[in-house]
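The values are calculated or read from the model by the stated rules, or taken from the named source; none is laboratory data. These numbers were taken from a predicted model, which means no experiment stands behind them. Note that we place each Cβ from the backbone using ideal geometry, even for glycine, and neighbour counts take in every protein chain shown. These area figures cover heavy atoms from the full protein model, side chains too; ligands, DNA and RNA do not enter into them. Shrake-Rupley method; radii C 1.70, N 1.55, O 1.52, S 1.80 Å.
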Amino acid sequence: MSVDHNSVRPWRMIDRRKSRKIWVGDVPVGGGSPITVQSMTNTLTTDVKATIAQIRDLEVAGADIVRVSCPDEESSVALKQIVPEITVPIVADIHFHYKRGIEAAQNGAACLRINPGNIGSAARVKEVIQAAKDNNCSMRIGVNAGSLEKDLLEKYGEPCPDAMVESALRHIQILEDHDFFNFKISCKASDVFMACAAYQQLSEACDYPLHVGITEAGGLRSGTIKSAIGMGNLLWAGIGDTIRVSLSADPVEEIKAGFDILKSLGLRHRGVNVISCPSCARQQFQVIDTVQRLEERLAHITTPMTLSIIGCVVNGPGEALMTDVGLTGGGSGTHQIYIGGEKAHRFHTGDQDIVDHIVEMVENKVAEIKSGSELTGQ
């Protein structure tokens with residue numbers, strides 16, 4: 001027996017905003033496609049070896065799309081060496097120079113992060129758009145509260161949702177006037193309220209896919225919390241087709257946080273979802289240490305799984321009924337193991353390390369799930 005992670009319950013359903021579908025390389029974005037998770041490299045793009053290594057780490061973590069910075073010609077040329085060595089599509093952040101956009105599109109970028117109104121004359125904009133068309137390259141309009149156009153700041157007095165949405169619509173119009181529609185939009189701010197209000201307005205003003213994020217959110221802990229509040233609010237409202245959690249941390253942590261946010265809302269499942277108690281005087285084993293060790297040992301698993309680790313019998317049996325594998329603490333060093341929501345066997349602490357035993361149970365369950373998927377052709 002396996003727990004059905006896709007069972008539909010009316011109180012759990014999120015009605016996602018309907019949007020157009022675009023492609024970033026071979027990855028669909030919008031149009032009902034799975035919400036993708038992104039990050040960005042922080043190596044020098046000209047350091048090809050280091051950049052490839054970091055992108056590969058992001059691939060292992062589950063990244064669907066990776067952005068790299070191309071501030072100069074050497075960086076955009078480096079894409080020629082980088083792209084053939086990795087599997088995820090690359091978004092080139094070209095800043096303000098139109099030539100970087102042309103070079104990046106020609107050298108293998110799958111998408112350009114650009115604000116067309118910021119790269120000069122209409123002729124230059126047309127050249128970049130033509131390079132994108134010629135190389136099957138999509139675009140992302142990247143509006144940021146910290147870099148709004150001067151006339152909009154003068155009009156509104158300060159960065160605000162109205163100014164951000166007007167900026168986005170202005171850039172949309174430029175691309176549409178050049179018969180280009182293969183793009184997504186972000187409308188980011190470091191202020192949660194401003195970002196959420198801007199995305200809500202923008203979601204009603206157009207049907208293009210939205211890249212959602214709280215920009216410059218902060219360090220690993222505070223930034224993850226801030227992003228979860230802002231992005232979680234938007235995703236719960238059905239807004240968002242691709243996400244990036246912007247952290248002052250290892251980019252791999254951004255991917256982990258992104259999947260955890262999606263997982264918590266039931267929008268995407270990847271890897272082991274651990275349900276565990278905070279522990280208290282009732283615990284019959286060291287819950288905190290056990291969970292920390294399990295998260296490390298199970299990080300390699302990508303199959304959607306639920307695992308409950310509860311220190312005592314108050315909530316343990318109830319949680320275990322709803323998870324693929326469960327551990328409920330019992331007295332005298334004897335604990336109950338559940339598989340597929342049913343009692344399986346008792347585990348005696350002296351027989352084996354508790355973490356080794358749970359890892360074995362989870363890996364066996366993964367093999368069972370995979371075998372079942374192969375039999376049904378899923």
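Every condition in (1) closer than 18 Å to R113 by Cβ; (2) touching a residue at least 60 places away in the same chain (Cβ under 8 Å); (3) not hydroxyl-bearing (S, T, Y) is met by E149 except one, and the failing one is (2).
In this entry, I172 passes the filter for residues that are in contact with a strand residue (DSSP E or B) (Cβ under 8 Å, 6 or more places away or on another chain), farther than 20 Å from G232 by Cβ and either of a type in the set (V, I, T) or touching a residue at least 12 places away in the same chain (Cβ under 8 Å) (or both).
Taken over the range 130-166, the criterion of being buried (at least 22 other Cβ atoms within 10 Å of the Cβ), at pLDDT below 95 and in a helix (DSSP H, G or I) is satisfied by A145 alone.
Just so you know, in the range 34-59 the residues that are assigned to a loop (DSSP other than H, G, I, E, B) and out of contact with any strand residue (DSSP E or B) (no Cβ under 6 Å at 6 or more places or on another chain) include one that is least open to solvent (accessible area, probe 1.4 Å), and it is I35.
Residues that are within 25 Å of P28 (Cα to Cα), polar (S, T, N, Q) and over 26 Å from the mean Cα position of the chain (by Cα) do occur in the range 106-126, at least one of them. Of all residues in the range 182-193, those satisfying the criterion of being of a type in the set (A, V, I, L, M, F, W, C) and surrounded by 21 or more Cβ atoms within 10 Å (Cβ to Cβ) are F183, I185, C187, A189.
When S276, S332 are screened for being small (G, A, S) and at pLDDT 95 or above, only S276 passes.
In the set (1) farther than 26 Å from G266 by Cβ; (2) within 31 Å of the chain's Cα centre (by Cα); (3) of a type outside the set (S, T, Y); (4) surrounded by 13 or more Cβ atoms within 10 Å (Cβ to Cβ), the condition left unmet by E295 is number (1).
Residues are listed down the side, and each one gets a yes or a no for (1) open to solvent by less than 10 Å² (accessible area, probe 1.4 Å); (2) touching a His at 6+ places or on another chain (Cβ under 8 Å); (3) hydroxyl-bearing (S, T, Y); (4) within 20 Å of E363 (Cα to Cα):
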| site | (1), (2), (3), (4) |
| --- | --- |
| S248 | no, no, yes, no |
| G258 | yes, no, no, no |
| R268 | no, no, no, no |
| P304 | no, yes, no, yes |
| L307 | yes, no, no, yes |
| T323 | yes, no, yes, yes |
| G329 | yes, yes, no, no |
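Looking at this structure, is S227 assigned to a loop (DSSP other than H, G, I, E, B) and either out of contact with any Leu (no Cβ under 7 Å at 6 or more places or on another chain) or basic (K, R) (or both)? Against the criterion (assigned to a loop (DSSP other than H, G, I, E, B) and either out of contact with any Leu (no Cβ under 7 Å at 6 or more places or on another chain) or basic (K, R) (or both)), S227 does not qualify. Applying the set (1) surrounded by fewer than 17 Cβ atoms within 10 Å (Cβ to Cβ); (2) touching a residue at least 40 places away in the same chain (Cβ under 8 Å) to D179 leaves exactly one unmet item: (2). Is there a residue in the range 270-277 that is crowded, with 18+ Cβ neighbours inside 10 Å, of a type in the set (A, V, I, L, M, F, W, C) and assigned to a helix (DSSP H, G or I)? No, because not a single residue in the range 270-277 is crowded, with 18+ Cβ neighbours inside 10 Å, of a type in the set (A, V, I, L, M, F, W, C) and assigned to a helix (DSSP H, G or I).
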